[in-house]
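Chemist: Can you keep this structure in mind? I'll have questions shortly.
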Amino acid sequence: SRETLAALSRNMSKSGALVQAFDITFADEKAGDEVLLDAWADAPVVVSQILSTNASVNPAVGKLAGGLDGACPPSIPRAFGHYGTSATLLQARPSVGHITPYVESDGVVRRLPSMICADGRVQVTLPLAVMWRAAQSGIASRNLPVADWRWHGREAGESTGGLFGPEAWLTSASLPGVMVPVDRTGTLRVPYGLKRSSFISLPAADVLRDRVDPELLKGALVLVGATAFGLTDTISTPLSAVSSGIEVHAQALAGLLDQRIPYTPAAWPLVQGLAMLLLAAALAAVSVLRRGAPAKRLPLTGIALASLIGVSASFCQLHFAVWLPWIELSLFAIVASITLATVEHALARAQGERLTAHLGSYLPRSVAQRLMVTDPSGSLQVDLRNISVMVADIRNFSAFAAHNPPDETAALLHAFCCIAVDVVERHGGVVENVVGDSVLAVWNASPGQPDHPSRALAAAREL
């Protein structure tokens, strides 16, 4: 109830909380609003509003407040509806931040829109509103100036950090030296750099009953939110499949205070292109190594490179707060390695087929094929078995060659050898040797021909 929230706010003020940020919307007018308004009269309060960036969802509940002065940057998202704050509670002049997340395709919240344009004015996300309100300590809510977050972007000709700086960033005159990196659409990446146990979590019931040491709240940025999952405030984060929405804003606020908001450098597309060229060169170098089989070595190299890219990206995020989109590079390394391995395999297969064909000109086909699948060895491989041998030559060939032109003699030899090889192979034999007009063929040179004498005789008769 509003009365219970009012009592909670008074106890936080009594304990000296620096900021009271309510990760809750107060869009509807309700009984007890006057009591809560009285509790907020001089308290450093930040309230939440929800903005719809979906054109098909356009609520208009409560009143929008807290917009920045100046025009909306053209690249930030637009709001088509809102759940604002009741007009009664806005009389306390609280600071306002939106609690609109980006839910990605896997259902996980990793980013927040730092700014959304609503009714022509820029609305900042809750963590930014809390951080700015903390810088106004000592100023009563009724005397607060308009929040002074300012957008900067390379598309406007501004630059920071050179090629490795962010595409866009936010600054505030109230927070000198603070730079909040975002992408060109104003998206802020939540760092999730702290464990849940790093945050002090206090049951609201204990605060209401004065069971909490006031020193825990003194000078603290206090986020008040619903953590009961039955209240539909459940999301997924990289740290947990089921979390309350307040955890996202706590993590983002911690990153802002520590100046550890991850961002992707503006020059990343150029760096990514160069990295792909280096990966391709490394894989090409591996493919020309003479040791081992490239078709086996390349995929393993691709997996190793992909793993190295993932580890390097994690290192950059943890130590330099730089977010490098590593999935594209890792996939490139794996796909490129598999592609090169496939090409290498195809080339090796073609070379093997050509070698087999050439060996077949000098050796029996079965012998050539066995050589192709057998590793070289210095030892003799001997087989003892019964074989049938056929020797065939042309009668009176010497006299024929002496009395006929050379081209006619060569044509006769060519025709005889072609016919002899065809007949022998059709009957399951192997031509071992061709010398002049003599052909020597063997049956049962490879096991599995128990009828080899009959086959040899049949070939001799046909020939």
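Chemist: May I ask for the net charge around residue 6, where only other residues with Cβ less than 14 Å from the Cβ of residue 6 are counted and Lys, Arg are +1 while Asp, Glu are -1? Walk me through the numbers before you get to the answer.
Modeler: Details: positive: 2, 10, 14, 30; negative: 3, 33, 34, 38, 42.
Neighbour charge sum, excluding residue 6 itself: -1.
Chemist: Quantify, in whole percent, the carbon and sulfur part of the accessible surface of the chain (1.4 Å probe; protein heavy atoms only).
Modeler: On the chain, the fraction of accessible area on carbon and sulfur atoms equals 59 percent.
Chemist: Based only on Cα atoms, what mean projected area does the convex hull of segment 69-210 have, in nm²? Write out the running numbers ahead of the final one.
Modeler: Values: hull surface 47.7 nm².
For the Cα atoms of segment 69-210, the hull's average projected area reads 11.9 nm².
Chemist: For residue 63 and residue 3, what is the calculated FRET efficiency with R₀ set at 25 Å and r taken between the beta-carbons, to the nearest 0.05? All intermediate terms of the calculation are to be shown ahead of the outcome.
Modeler: Working: r = 22 Å, r/R0 = 0.88.
Calculated transfer efficiency: 0.70.
Chemist: Along the Cα-to-C-beta direction of residue 216, a point sits 7 Å from the Cα; which residues of segment 1-22 have their amide N less than 16 Å from that point?
Modeler: Only 8-9, 11-18 pass the distance filter.
Chemist: Hey, got the dipole for the chain? About the Cα centre, +1 on K and R Cβ, -1 on D and E Cβ, debye to the nearest 20? Display every interim value, and only then the final one.
Modeler: Working: 35 positive and 38 negative charges, 122 e Å.
My answer is approximately 580 debye.
Chemist: For segment 385-463, divide the Cα radius of gyration by the Kirkwood radius and give the resulting Rg/Rh value with two decimals.
Modeler: Details: Rg = 13.9 Å, Rh = 13.2 Å.
My calculation puts Rg/Rh at 1.05.
Chemist: While we're on this one: At 24 angstrom or more along the helix axis (alpha-carbon based) and mean Kyte-Doolittle of 1.0 or higher, what helices does the chain contain? Whole DSSP H runs only.
Modeler: On the way: long enough: 268-287 (28 Å, 1.84); 294-320 (37 Å, 0.94); 327-362 (52 Å, 0.67); 406-426 (30 Å, 0.75).
Helices passing the filter in the chain: 268-287.
Chemist: Summing +1 for each Lys or Arg and -1 for each Asp or Glu, what net charge is found among the other residues whose Cβ lies under 11 Å from the Cβ of residue 33? Intermediate results must be reported in sequence, preceding the final value.
Modeler: Values: positive: 2, 30; negative: 3, 28, 29, 34, 38.
In short, -3.
Chemist: While we're on this one: Going toward the positive end of the dipole of segment 23-103, with +1 on Lys and Arg Cβ and -1 on Asp and Glu Cβ, which of 48, 67, 37 do you reach last?
Modeler: The Cα lying farthest towards the positive end belongs to 67.
Chemist: Apply the a/c threshold of 1.5 to the C-alpha gyration tensor of segment 131-286 and tell me whether it is rounded, prolate or oblate.
Modeler: On the way: a/c = 2.99, a/b = 1.57, b/c = 1.91.
Judged from the Cα gyration tensor, segment 131-286 comes out oblate (a/c at least 1.5, b/c at or above a/b).
Chemist: Additional query: Using only Cα atoms, locate the centre of segment 190-259 and the centre of segment 324-360, then give the distance between them in Å, rounded to an integer.
Modeler: About 52 Å separates the Cα centre of segment 190-259 from the one of segment 324-360.
Chemist: Run the lone-cysteine check on the chain: no other Cys C-beta under 4.7 Å from the residue's C-beta.
Modeler: Within the chain, the cysteines lacking a partner Cβ under 4.7 Å are 316, 417, 418.
Chemist: In whole Å, what three semi-axes, largest first, describe the equivalent ellipsoid of the chain built from its Cα gyration tensor (square root of 5 times each eigenvalue)?
Modeler: On the way: eigenvalues 1493, 104, 72 Å².
Taking √(5λ) for each Cα gyration eigenvalue gives 86, 23, 19 Å.
Chemist: Based on the alpha carbons, how large is the Rg to Rh ratio for segment 248-329 when Rh follows Kirkwood?
Modeler: Values: Rg = 17.1 Å, Rh = 14.8 Å.
A ratio of 1.15.
Chemist: First measure r as the distance between the Cβ atoms of residue 355 and residue 377, then evaluate 1/(1 + (r/R0)^6) with R0 = 22 Å and state the FRET efficiency to the nearest 0.05.
Modeler: Numbers: r = 18 Å, r/R0 = 0.82.
Here the calculated transfer efficiency is 0.75.
Chemist: With a 1.4 Å probe and all protein chains in place, put 380, 5 in order of accessible area, largest first.
Modeler: Values: 380 160, 5 35 Å².
The residues order as 380, 5, largest area first.
Chemist: A further question on this structure: Take 227, 301, 234 and sort them by solvent-accessible surface of the protein heavy atoms, 1.4 Å probe, largest at the top. Spell out each step's value before the answer.
Modeler: Values: 227 90, 301 30, 234 65 Å².
Largest accessible area first, the residues go 227, 234, 301.
Chemist: Run the 1.4 Å probe and let me know the accessible area of residue 400, rounded to the nearest 10 Å².
Modeler: Surface accessible to solvent at residue 400 totals approximately 70 Å².
Chemist: With labels modelled as points extended 7 Å from the Cα through the Cβ direction, what inter-label distance (nm, one decimal) is found for residue 205 paired with residue 91?
Modeler: So the two model labels end up 3.4 nm from each other.
Chemist: Continuing with this model, one more query. Positive end of the dipole of the chain, charges at C-beta (+1 Lys, Arg; -1 Asp, Glu), about the Cα centre: which of 415, 135, 403 has its Cα farthest in that direction?
Modeler: Positive-most Cα among the choices belongs to 135.
Chemist: Return one whole number: the accessible area per residue of segment 243-333 in Å², for a 1.4 Å probe.
Modeler: Working: 4750 Å² over 91 residues.
Ligands and nucleic acids excluded, the result is 52 Å² per residue.
Chemist: Same structure again: Net charge near residue 458: determine it from the other residues with C-beta under 12 Å of the C-beta of residue 458, scoring Lys and Arg +1 and Asp and Glu -1.
Modeler: Working: positive: 426, 455, 461; negative: 451, 462.
Local charge sum for residue 458: +1.
Chemist: Please list, by residue number, every one of the chymotrypsin sites (Phe, Trp or Tyr not before Pro) in segment 131-221 that is coil in DSSP and has at most 16 other beta-carbon atoms within 10 Å. Walk me through the numbers before you get to the answer.
Modeler: On the way: sites: 132, 149, 151, 164, 169, 192, 199; in loops: 192, 199.
Listed in order of number, the matching sites are 199.
Chemist: Of the listed peptides 55-67, 328-340, what is their order by residue-averaged count of other C-beta atoms within 10 Å, with the highest listed first?
Modeler: Numbers: 55-67: 14.9, 328-340: 18.1.
The densest-packed peptide leads the list: 328-340, 55-67.
Chemist: Rank these residues by their accessible area, most exposed first, probe 1.4 Å: 211, 260.
Modeler: Order by accessible area, largest first: 211, 260.
Chemist: Sorted by average packing, counted as other Cβ atoms within 10 angstrom per residue and highest first, what order do 277-289, 18-30, 442-454 take? Provide the component values of the computation, followed by the final result.
Modeler: Values: 277-289: 13.8, 18-30: 19.8, 442-454: 15.5.
The densest-packed peptide leads the list: 18-30, 442-454, 277-289.
Chemist: Of 122, 221, 179, which is farthest on the positive side of the dipole of segment 88-225, counting Cα position, with +1 on Lys and Arg Cβ, -1 on Asp and Glu Cβ, and the Cα centre as origin?
Modeler: Checking the options against the dipole of segment 88-225, the answer is 221.
The values are calculated or read from the model by the stated rules, or taken from the named source; none is laboratory data. Bear in mind that the values here come from a model prediction, so they are computed numbers and not experimental data. Here Cβ is always computed from backbone atoms with ideal geometry, including for glycine, and neighbour counts include all displayed protein chains. What goes into the accessible areas is simple: the full protein's heavy atoms, side chains included, and nothing from ligands, DNA or RNA. Shrake-Rupley method; radii C 1.70, N 1.55, O 1.52, S 1.80 Å.
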